Amino acid sequence: MNNTQTLLKGIIKENPVLVLLLGTCPTLAVTSDVKSAVGMAAAAAIVLILSNLAISLLRNIIPDKVRIPCYIVVIAGFVTVVEMLMHAFFPEIYSALGIFLSLIVVNCIILGRAEMFASKNGVVASIMDGIGMAIGFAIALVAMATIREVFGAGAFFGIEIPFLKDYTIPILTSAPGGFFVFGLLIAIVNKFLSKKRKPKAEFGCEGCPSANSCNKTDCEKEAE
């Protein structure tokens with residue numbers, strides 16, 4: 001797999017939220033408005049890319065038996081830096097994200113990419129994987145937040161939309177609405193991907209490694 005494929009797979013085909021169903025807790029918690037979703041997406045992207053880079057560089061040094069604690073320490077270091085910067089320069093978003101900003105340390109998307117990809121691949125590939133997964137995560141967050149804020153609160157990025165303010169669906173900004181929108185987006189993505197998947201090959205002797213040594217008639221009877 002080349003670097004371009006590595007980058008693109010995380011956006012749709014292996015979207016961490018809508019396909020792999022990872023990171024659902026922050027996804028549901030911070031998508032009631034677009035501003036919080038963008039803040040979480042940016043913070044997670046920085047941590048994901050930098051942790052993939054660091055772990056790829058250290059993959060031959062970190063002992064296998066303690067790799068998970070080491071990964072968490074690396075991720076926690078980057079999360080701490082991001083928290084401090086966000087607290088200093090974006091206090092409003094910092095307050096809105098609350099505990100979920102600190103919980104990026106144990107976000108299964110970041111820890112999962114460290115274990116499954118960065119620890120087994122080179123620096124450039126790991127960075128591309130981090131960027132792709134970060135974009136996929138951001139798309140899922142912003143898409144959910146847009147639907148919930150626009151139709152649930154009649155606003156976008158905190159700016160009121162006049163012609164929608166009297167036709168809102170308030171439940172969309174609550175937990176049940178979050179689950180509904182989440183399920184809807186998953187269904188749409190799965191429907192889109194199912195059209196691209198090749199149909200399964202029909203049962204038969206073609207392609208069977210034992211085709212020349214078995215009785216074709218028996219195979220055909222089993223197929224029936």
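Output the number of the condition that Ala54 fails; it satisfies all remaining conditions of (1) closer than 14 Å to Ser126 by Cβ; (2) touching a Leu at 6+ places or on another chain (Cβ under 9 Å).
(2)
Which fully enclosed helices (runs of 4 or more DSSP H) of the stretch 42-148 have 2 or more residues being buried (at least 24 other Cβ atoms within 10 Å of the Cβ) and either at positive phi or under 17 Å from the mean Cα position of the chain (by Cα) (or both)?
It comes to 108-113.
Mind checking which residues of the stretch 151-186 are surrounded by fewer than 19 Cβ atoms within 10 Å (Cβ to Cβ), modelled with pLDDT of 90 or more and among the β-branched types (Val, Ile, Thr)?
Passing the criteria: Ile171, Ile186.
The values are calculated or read from the model by the stated rules, or taken from the named source; none is laboratory data. Here the structure is a predicted model, which means the values were calculated and not measured. Using ideal geometry, Cβ is built from the backbone for each residue, glycine included, and neighbour counts are taken over all protein chains shown.
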